[in-house]
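Here is the structure we will look at.
The values are calculated or read from the model by the stated rules, or taken from the named source; none is laboratory data. No experiment lies behind these values; they were computed from the predicted model shown. Reconstructed Cβ throughout: ideal geometry from the backbone, glycine too, with neighbour counts over all protein chains shown. We work out accessible area using only protein heavy atoms, side chains counted, and drop any ligands, DNA or RNA first. Shrake-Rupley method; radii C 1.70, N 1.55, O 1.52, S 1.80 Å.
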Amino acid sequence: MFLYLYNSLSRQKEKFVPINPPSVGLYTCGPTVYNFAHIGNLRTYVFNDVLQRVLLYNGYKVTRVMNITDVGHLTGDRDMGMDKVEEAAKERGMNAWELSNYYLDTFKNDMRKLNLLSPTIWEKATDTIPDQVNLIKTLEEKGYTYKTSDGIYFDTSKYPEYGKMSSLDKKGMREAARMDFNKERKNPSDFALWKFNVTGKKRQMEWGSPWGIGFPGWHIECSAISLKHLGNPFDIHTGAIDHKETHHPNEIAQTECATGRKMANLWLHAGFLNTQSEEKMSKSKGNFITLRTLIDRGFDPMAFKLYTYGIHYRQTSNFSWHALEAAQKAYTRLCRFVMGKPGVSLNVDTPDLNTPESGLTLIEEYNSLFANKINDDLNMPKAIALVWMFIKDERVSNSDKMSLLEKWDEVLGLQLKSEIRSPKSQKNSKSQMPKEIRGMMREREKLRKEKKFDEADALREKIMKLGYDVVDKPLIL
Ligand SMILES: [Zn+2]
């Protein structure tokens, strides 16, 4: 059975043929660690996780590399404005290194809560400055760079294939870039490889280089890190849909001009998850919902994961609390079924599978259908529909159902077989808790039921400051 993936470069689904089977090199653009990840970001990482799991399920050996942007990502993606990490650190009176480490930890924590597989290699931008400087030197030697008063830039006019993946045509890209055009740049789409510190104030994160003290542009880290660990070309590069217009074309330009070889064979992009106001969820707009928000409102991280499986990864969609509630109920039913708990009523369509005439057993038939769905550009909505159909099918024994679901969970990653996960037992035994804390816990529970989440949050902080862990029970069970 073949795996088909939609390639943003060719704009079509392609049969996946690894360069060096069974090994697969996979690169994921990682987070910029200056704030919590919002659920729109996390949806992209759920997609990345499914991709990694599907590759493993197909028997490939995956080396997945993820960068951590802890320097150089400016508030304007076209290398204008302020460094997001430095700015956030300044606002909070924190050290930029501490701040980025803190948000990297919270990101990893979110990944653990969502049961997302860890990349094989995590690499911080700040740990690869010499690699980035060397890559810029190569580009300079080959004549692709020029200097302005604020940095070293890549001359996109020297690379005729620039922007081959973008959905905008060349004119559109020029127009988009013109909005924040720096007059010293030769072309609007040119981008910074190395930025000088022009503020006159010493930055917390800066390094010496052949061009002077400064810091790398945002895009060069991904070229340097992927070259360091995967070489080129490698198999698959992933990211969110907004990377398609600027960040990824810039990565391609850097790597392909420096090496004369293709960067990656397949480029996969996940759609956005917007808030209900239909605005892209973004940290800078402050309209974002974090995983903590969901947990505080009683949702299981696995329910969020199941929610995202209801939408194809390439589709941009609007987040809905109502749909998340439905996913929470569905997740609870699914877990109870797998745990062999009675009283699970399943309200799904009657299975449309005929008695198989293919020589396969019914179980094999289901298994092959499941593989078809996930191998069809990771079609999780259809895979999940099949899961419900399978559970409902009275021709299959419960023990067969449970063992196959357990196998499918290697892809779903929903922790179906682990002990009932929600509510997680309190780490602090209630009997050992002072009366005062127990009272505060009860009061907080009451506030949550009354949906007074701000007051409940404040109380949680207070309880945690007193050294007690607060783990919520889902509200809607
Ligand atoms: Zn990247």
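When segment 241-255 is filtered for residues that are surrounded by fewer than 22 Cβ atoms within 10 Å (Cβ to Cβ) and near the ligand (Cβ under 10 Å from one of its atoms), only HIS247 remains. Does segment 344-353 include one or more residues that are at pLDDT 95 or above, out of contact with any Asp or Glu (no Cβ under 8 Å at 6 or more places or on another chain), within 27 Å of LEU273 (Cβ to Cβ) and not aliphatic (A, V, I, L, M)? No: zero hits. Residues in segment 181-215 that are away from the ligand (no atom under 16 Å from the Cβ), open to solvent by less than 60 Å² (accessible area, probe 1.4 Å) and within 19 Å of TYR159 (Cα to Cα): ARG185, ASN187, PRO188, SER189, ASP190, TRP194.
Taken as a whole, the condition of being more than 16 Å from the ligand (Cβ to nearest atom) and under 30 Å from TRP194 (Cβ atoms) applies to GLY93.
Applying the criterion of being without any contact (Cβ under 8 Å) to a residue 12 or more places away in the chain and either basic (Lys, Arg) or on the phi > 0 side of the Ramachandran plot (or both) to the residues of segment 96-138, the residue that is surrounded by the fewest Cβ atoms within 10 Å (Cβ to Cβ) is ARG112.
Among the residues of segment 28-42, those identified as in a helix (DSSP H, G or I) and either among the acidic types (Asp, Glu) or away from the ligand (no atom under 16 Å from the Cβ) (or both) are ILE39, GLY40, LEU42.
Residues in segment 2-27 that are hydroxyl-bearing (Ser, Thr, Tyr), more than 16 Å from the ligand (Cβ to nearest atom) and within 22 Å of GLY231 (Cα to Cα): SER10, SER23.
Just one of (1) buried (at least 17 other Cβ atoms within 10 Å of the Cβ); (2) hydroxyl-bearing (Ser, Thr, Tyr); (3) over 28 Å from ILE129 (Cα atoms) fails for SER10. It is (1). Residues of segment 397-419 that are of a type in the set (D, E, K, R), within 25 Å of the chain's Cα centre (by Cα) and not in a helix (DSSP H, G or I): LYS417 alone.
For LYS262, the conditions (1) under 30 Å from LEU139 (Cβ atoms); (2) surrounded by 21 or more Cβ atoms within 10 Å (Cβ to Cβ); (3) modelled with pLDDT of 95 or more are fulfilled apart from (2).
Can SER100 be described as closer than 23 Å to LYS262 by Cα and of a type in the set (Ser, Thr, Tyr)? When the stated conditions are applied, SER100 does not pass them. Output yes when any residue across segment 216-225 is open to solvent by 30 Å² or more (accessible area, probe 1.4 Å) and either among the acidic types (Asp, Glu) or in contact with a helix residue (DSSP H, G or I) (Cβ under 8 Å, 6 or more places away or on another chain) (or both), and no when none is. Checked against the condition, which is being open to solvent by 30 Å² or more (accessible area, probe 1.4 Å) and either among the acidic types (Asp, Glu) or in contact with a helix residue (DSSP H, G or I) (Cβ under 8 Å, 6 or more places away or on another chain) (or both), segment 216-225 yields no hits at all. Being free of Cβ contacts under 8 Å to residues at least 60 places away in the same chain and within 19 Å of ASP377 (Cβ to Cβ) is true of GLY271.
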